[in-house]
1. Based only on Cα atoms, what mean projected area does the convex hull of segment 143-281 have, in nm²?
2. If the cut-off is 12 Å between C-alpha atoms, which aspartates and glutamates fall inside it for residue 111, apart from same-chain ones fewer than 8 positions away?
3. Does anyone have the angle between helix 75-84 and the longest principal axis of the chain? Alpha-carbon axes, 0 to 90°, nearest 10?
4. With no solvent and one equal point scatterer placed on each C-alpha of segment 33-85, evaluate the Debye formula and give log10 I(q)/I(0) for q = 0.22 Å⁻¹, two decimals.
5. Compute the long axis of helix 7-19 from its Cα atoms, compare it with the longest principal axis of the Cα atoms of the chain, and write down the angle in degrees, 0 to 90, nearest 10.
6. Among 104, 265, 221, which one shows the highest mean-square fluctuation when the chain is modelled as a Gaussian network with alpha-carbon springs under 10 Å?
7. Work out, in µm²/s and without decimals, the Stokes-Einstein translational diffusion coefficient of segment 1-125 at 37 °C, 0.692 mPa s, Rh from Kirkwood over C-alpha pairs.
8. Among 184, 63, 127, which residue has its Cα furthest toward the positive end of the charge dipole of the chain, with +1 on Lys/Arg Cβ and -1 on Asp/Glu Cβ?
Amino acid sequence: MRIVKTIPELKSFISECKGEGKTIGLVPTMGALHNGHLSLVERARKDNDIVVVSVFVNPTQFNNKEDLRTYPRTEKRDCELLESAGCDVAFIPSVEEIYPEPDTRVFDLGKVAEVMEGKHRPGHFNGVAQIVSKLFAIVEPYRAYFGEKDFQQIAVIRRMVELEGFDLEVVACPIVREADGLALSSRNVRLTEEQRAVAPNIAKTLMESLNFAKSHTVADTVKFVVDKINSYPDLEVEYYEIVNGHDMQAIGDWGDSDYVVGCVTVYCGDVRLIDNIAYKK
Ligand code: PAF
């Protein structure tokens, strides 16, 4: 596996590969890799000739300085994991390499970016659009892979792809969970032992709500999830929204869409965890 730190070096490798007619799959990450990321690499490995994984903690998508400061950084281990997962190139640029000048671009991401994470983390999705569009412009991948844990992020990236006219496929991959149901996240390492023990109740409650939803309204199901999660020590729901999976807008009735997803954000102590579940797909 090559470890590449600069854009010119990566571009020259990419143009060599393209010259040989090879397809390129890109997996953008912020490092602190876990099996969720590795499942994306595995999928990219199956679908493409060359797999590029970027490892970059993107400062422009953090609306909270403390979150950026404490975001786990495990570069050496990330490289070992990527090597054994069959990655061809780990692109690990510095902040100066990616942003020699401040990125002032503002994307018109529309209504998919205005709700949920967009409302609670102002500027977050614009930062995601900045970095992902830069990576797409550098790598020009045939396919790019994202995990469904960040369900809304995928919709935002699809919108950015449409806006910018990138010719590539955005591949959404299923959430990977611990044996006890907790969705894998780089932030899980920040949980204390007690918080780690209580955190699986987020996924457990979402699962229970599938059954509850069969005989209750959308509003009752939202209340069921919020009340149940909040009843556990150390868990506090920031929002739970049941949305149309196509456009991220909250629905009022189960019949409002053929694709219905519940998206939750929960503070476990000061660690912000997200998860989601499909009621209809
Ligand atoms: O999902 C993430 O880890 C990040 O938002 C991404 C897509 C790598 C952009 O920094």
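1. On the way: hull surface 35.5 nm².
Taking the Cα atoms of segment 143-281, their convex hull projects to 8.9 nm² on average.
2. 247
3. Roughly 80 degrees, rounded to the nearest 10.
4. Computed log10 I(q)/I(0) values: -0.88.
5. Value to nearest ten degrees: 80.
6. Maximum fluctuation in the GNM of the chain, among the listed residues, is at 104.
7. Details: Rh = 16.1 Å.
Stokes-Einstein gives a translational diffusion coefficient of 204 µm²/s.
8. 184
Taken together, the values in this text are just the output of simple stated rules run on the coordinates, not laboratory data. Model, not experiment: these values are computed from the prediction. We place every Cβ from the backbone using ideal geometry, glycine too, and count neighbours over all the protein chains shown.
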